[in-house]
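Visitor: I am attaching a structure below and will ask some questions about it afterwards.
The values are calculated or read from the model by the stated rules, or taken from the named source; none is laboratory data. Because the structure is a prediction, the values reported are computed rather than measured. As a convention, Cβ positions derive from the backbone with ideal geometry for all residues, glycine included, and neighbour counts pool all protein chains shown.
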Amino acid sequence: MIINKTLILLSTVIFAITMMSCSSQEYTTAKLAIQQSDFSKAAEWLPKAMAVEPDNPEIPMVMAIEIHAQNENWNEMIVFFDKAMGINSEKVVEIRGAFISVKEAVSNYVEFYWAKEFNAGVAQFKKMQDEPDKKHEYLELAIYHFSNAALINPADANTHATLAKCYLDKGDNDSAVDAALVAVEKNPKSFEANFGAAQILGRVGRSSEEILPYYEEATQIEPSNSKALRELAGAYYDLGQKERSIQVFENAISNEENDTTKADLYFNLGVIHNQMNNFEAAELAFDEAFFLNEEDFEAALGMARSYEGLGDNYLNGEKGFEKDLNAASRWYRKAEKKIKSVMIVDIDNKEIYQKNLELVRYKRDVAEGN
């Protein structure tokens, strides 16, 4: 084993010496300048070395890392990474004493510098929390660092999505939308990118037609995500596609485990059924919502409105119902009872319930001939 280790070490040394001996005088001068931390001199000689050795991908790699990255000139760093990759991505080169392929080196350093800038942006967010009076200043710095991170690694959808939120917080809606859409473009199968884009578009007032495709894609990627399903159902509802909205809410309910969230989903489902005059289905949905969350007074009121709607159908003999005044009276009485039960608990809104109660009583009196 000792012999093998010695042979490996010897081979590495020989390889390094061979590489040095093959270097041009220009590149040797540049490397010596880097060793002496004379980066101005290195910046002068590296371009000369590239002119003499145009087929050597190590030189643009060194230029990218030792000159442009050190100066945080990320555009130029990427240009020289691309140049090295274009010459020979598989060639093993020496970077800061390590022998590695160009492709691996580019990947490693892109990841390193991306993380450096992204984390710098996150640090500004933390400062905003500690010093809210300097929010604008820290927000600008966060945008600066996240923009750098997006430039270094444009394929990272999370960076663009985070940048979009920063722009939105700043009030720059156009830039927020641009960043959100770039996130989707760079990673079209990312749930976060699609859901984030839909949220941003909604926040800036874009139409449901523009928002819908992103919610649809998000739910395709994560079919059980109840939050995305809820947003998708809302988009369908806004577009008048109520049947599809109902189907999505039912799917969301079947995938939701949190009772409070499920109660909200049932309530939304009840609202849609009520608006479609599906009063019996609405009653069931509101009943489930109230069962899961007894403080959901709106759900209880929704049940009352469903009862009232059924009473209207029997009173007027419409929507497939035969005129039946007794049935109408019975449903109005159920609505009245439900409203009274809510009034007792939700004292702050007693006046609103009183108006609803008076209307239901009037309809009941009509059904009963009073």
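Visitor: Name the pairs: first residue in the range 342-364 and part of a helix (DSSP H, G or I), second residue among the polar types (S, T, N, Q), Cβ to Cβ under 7 Å, at least 6 apart or on different chains?
Guide: ARG364/SER329
The rows are residues; the columns are (1) surrounded by 17 or more Cβ atoms within 10 Å (Cβ to Cβ); (2) closer than 30 Å to ALA228 by Cβ.
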| residue | (1), (2) |
| --- | --- |
| TYR266 | yes, yes |
| LEU269 | yes, yes |
| GLN275 | no, yes |
| GLU283 | yes, yes |
| GLY317 | no, no |
| TYR332 | yes, no |
| SER341 | no, no |
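Visitor: Let me ask something else. Going by the conditions given, is ALA335 of a type in the set (Gly, Ala, Ser), in contact with a Gly (Cβ under 9 Å, 6 or more places away or on another chain) and over 29 Å from ASP259 (Cβ atoms)?
Guide: No, not satisfied.
Visitor: Could you list, in sequence order, the residues of the range 227-252 that are buried (at least 22 other Cβ atoms within 10 Å of the Cβ) and not aromatic (Phe, Trp, Tyr)? So that I can check it myself, show each step before the final result.
Guide: Our first condition is that a residue be buried (at least 22 other Cβ atoms within 10 Å of the Cβ); within the range 227-252, this holds for 228-229, 231-233, 235-236, 245, 248-249, 252.
Selection gives ALA228, LEU229, GLU231, LEU232, ALA233, ALA235, SER245, VAL248, ALA252.
Visitor: Could you grab me the full set of residues in the range 75-127 that are over 32 Å from the mean Cα position of the chain (by Cα), surrounded by 13 or more Cβ atoms within 10 Å (Cβ to Cβ) and small (Gly, Ala, Ser)?
Guide: ALA84, SER89, SER101
Visitor: Need the failing condition index for ASN255 against (1) crowded, with 16+ Cβ neighbours inside 10 Å; (2) touching a residue at least 12 places away in the same chain (Cβ under 8 Å), just the number.
Guide: Looking at each condition in turn, ASN255 falls short on (1).
Visitor: Going residue by residue through the range 48-71, is there one that turns out to be under 34 Å from the mean Cα position of the chain (by Cα), touching a residue at least 24 places away in the same chain (Cβ under 8 Å), within 20 Å of ALA33 (Cβ to Cβ) and in a loop (DSSP other than H, G, I, E, B)?
Guide: yes
Visitor: Moving on. Right, GLY309: in contact with a Lys or Arg (Cβ under 9 Å, 6 or more places away or on another chain) and either of a type in the set (A, V, I, L, M) or assigned by TED's automatic domain parsing to the domain that holds ASN268 (or both) or not? I'd like the intermediate steps shown before the answer.
Guide: Working: in contact with a Lys or Arg (Cβ under 9 Å, 6 or more places away or on another chain): no; either of a type in the set (A, V, I, L, M) or assigned by TED's automatic domain parsing to the domain that holds ASN268 (or both): yes.
No, not satisfied.
Visitor: Is one or more of the residues making up the range 69-77 under 19 Å from THR29 (Cβ atoms) and not aromatic (Phe, Trp, Tyr)?
Guide: yes
Visitor: Only residues that are part of a helix (DSSP H, G or I) and in contact with an Asp or Glu (Cβ under 8 Å, 6 or more places away or on another chain): list them for the range 232-263, please.
Guide: LEU232, LYS262, ALA263
Visitor: Is it true that some residue in the range 258-269 is among the polar types (S, T, N, Q) and closer than 30 Å to GLY311 by Cβ?
Guide: Yes, there is a match, as at least one residue in the range 258-269 is among the polar types (S, T, N, Q) and closer than 30 Å to GLY311 by Cβ.
Visitor: Testing GLU295 on (1) charged (D, E, K, R); (2) under 43 Å from the mean Cα position of the chain (by Cα); (3) over 21 Å from MET343 (Cβ atoms); (4) not in a helix (DSSP H, G or I), one condition comes back false. Which one is that?
Guide: Every condition holds for GLU295 apart from (3).
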